[in-house]
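Structure first, commentary second.
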There are 2 protein chains.
Amino acid sequence: MTVILGIDPGSRVTGYGLVRDTGRGCDYVASGCIRTGSGELHERLQAVYRGISQIVTAYNPITVGVERVFMARNADSALKLGQARGAAIVALAEHGLELAEYTATQVKQAIAGSGGADKHQVQLMVMHLLRLQQKPQLDASDALAIALCHAHHRQSLKPHGLLGMQRRAGRSRF
Amino acid sequence: MTVILGIDPGSRVTGYGLVRDTGRGCDYVASGCIRTGSGELHERLQAVYRGISQIVTAYNPITVGVERVFMARNADSALKLGQARGAAIVALAEHGLELAEYTATQVKQAIAGSGGADKHQVQLMVMHLLRLQQKPQLDASDALAIALCHAHHRQSLKPHGLLGMQRRAGRSRF
């Protein structure tokens, strides 16, 4: 069974979600938010880097999905988001994890069947697919949706839909 | 004597420059470029992270100046630049280094006396101030200019211009 991590980086809050792919669906493992606080820039980026590093150490995911930024609002917010993404992705790379990127539209399409679904519809589908009794926080829910989307894409890449995880030299290919 | 690092992060090339502040001026120590290559995103960001980490280990700078992005060209380039900055700043933070940020205008003002100086004028002033016989590469020259700007600002913050480096718990304040 394969633990899959989903990451939704943000300049203030980075959501994370972990699911276990059983081959017949996914179980919930954990989710939450890394809040970067109000410190200096290097302290905020270090909070993202260390938070991701701790999650990888604690749950040992074999592969990671990260939200791809399709279109940032403006150059200033894109720079801030980029800095948080850089800190998160370096932490994943330092743990030998490769990552797959998905746009928000791809995630919504995979989870809710429509690229136009809103955050609350995604949240409800995440609850349904993972049989959750309580609503996760929105940022954590988005990260779980990314993990589920990544599980879905990995599944569809497998020959005949069979489970055949290939882990090579500490790296996963998908 | 204090080694000061200047960093000019970029999505393709990150320039670095090191100078030694003698209290009566600065001596050249080293400079160069970290090229991120054409690999996957996480490999490129890891190249920045590891490159910066190796430079800090090799030269043990006590403080760092980084170019601040005042206005990015567009959201897409801002995101890419932000990712490289995030990787570089996390590497500095993981070594316990605090950093000062300077806009390109501040750097030009400090080095060439005018915020409107072009890259080649900055390069010539860097050569003059550090008594270099050969032109450094442009990216490395910009990073050396940032290091010199940071040395200048630290000097002006000291009481009566005396050398009084305060290093606390592995961190420098300036």
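Answer yes if at least one residue in segment A:10-24 is surrounded by fewer than 17 Cβ atoms within 10 Å (Cβ to Cβ) and among the small types (Gly, Ala, Ser), and no otherwise. Don't jump to the end; show me each part of the working.
First pass over segment A:10-24, keeping only residues surrounded by fewer than 17 Cβ atoms within 10 Å (Cβ to Cβ): A:12, A:22-24.
Imposing the further condition that a residue be among the small types (Gly, Ala, Ser) reduces the set to A:23.
Within segment A:10-24, one or more residues are surrounded by fewer than 17 Cβ atoms within 10 Å (Cβ to Cβ) and among the small types (Gly, Ala, Ser).
Conditions first: (1) facing chain B (nearest Cβ under 10 Å); (2) not in a helix (DSSP H, G or I). A:Ala30 passes all but one, so which condition is the exception?
With respect to (1) facing chain B (nearest Cβ under 10 Å); (2) not in a helix (DSSP H, G or I), A:Ala30 is out only on (1).
Please verify whether A:Gly82 is surrounded by fewer than 22 Cβ atoms within 10 Å (Cβ to Cβ), small (Gly, Ala, Ser) and under 27 Å from A:Arg50 (Cα atoms), treating the condition exactly as stated. Let's see the steps before the verdict.
Numbers: surrounded by fewer than 22 Cβ atoms within 10 Å (Cβ to Cβ): no; small (Gly, Ala, Ser): yes; under 27 Å from A:Arg50 (Cα atoms): yes.
The answer is no for A:Gly82.
When segment B:49-80 is examined, which residues are found to be part of a helix (DSSP H, G or I), of a type in the set (A, V, I, L, M) and more than 9 Å from every other protein chain (Cβ to nearest Cβ)? First the steps, then the outcome.
Step one: filter segment B:49-80 for residues part of a helix (DSSP H, G or I), giving B:49-59, B:75-80.
Narrowing the set further to residues that are of a type in the set (A, V, I, L, M) leaves B:52, B:55-56, B:58, B:75, B:78-79.
Once the filter is applied, which keeps residues that are part of a helix (DSSP H, G or I), of a type in the set (A, V, I, L, M) and more than 9 Å from every other protein chain (Cβ to nearest Cβ), segment B:49-80 yields B:Ile52, B:Ile55, B:Val56, B:Ala58.
Could you please give the count of residues in segment A:36-48 that are in contact with a strand residue (DSSP E or B) (Cβ under 8 Å, 6 or more places away or on another chain), closer than 15 Å to A:Val13 by Cβ and in a helix (DSSP H, G or I)?
Keep residues of segment A:36-48 that are in contact with a strand residue (DSSP E or B) (Cβ under 8 Å, 6 or more places away or on another chain), which gives A:36, A:41-42, A:47-48.
From what is left, the residues that are closer than 15 Å to A:Val13 by Cβ are A:36, A:47-48.
Next, from what is left, pick out any that are in a helix (DSSP H, G or I): A:47-48.
Final tally of qualifying residues: 2.
Quick check on segment A:104-113. Is at least one of its residues within 14 Å of chain B (Cβ to nearest Cβ), surrounded by 18 or more Cβ atoms within 10 Å (Cβ to Cβ) and touching a Gly at 6+ places or on another chain (Cβ under 9 Å)? Explain how you work it out, then say what you get.
Residues of segment A:104-113 within 14 Å of chain B (Cβ to nearest Cβ): none.
No, because not a single residue in segment A:104-113 is within 14 Å of chain B (Cβ to nearest Cβ), surrounded by 18 or more Cβ atoms within 10 Å (Cβ to Cβ) and touching a Gly at 6+ places or on another chain (Cβ under 9 Å).
A quick yes/no check of all residues on (1) of a type in the set (D, E, K, R); (2) more than 14 Å from A:Gly15 (Cα to Cα); (3) at pLDDT 90 or above:
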{"site": "A:Met125", "(1), (2), (3)": "no, yes, yes"}
{"site": "A:Lys135", "(1), (2), (3)": "yes, yes, yes"}
{"site": "A:Leu144", "(1), (2), (3)": "no, no, yes"}
{"site": "A:Ala147", "(1), (2), (3)": "no, no, yes"}
{"site": "A:His160", "(1), (2), (3)": "no, yes, no"}
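The values are calculated or read from the model by the stated rules, or taken from the named source; none is laboratory data. Treat the numbers as computed from the prediction; the structure is a model and nothing was measured. Cβ sites come from the backbone with ideal geometry, for glycine too, and all protein chains shown count toward neighbours.
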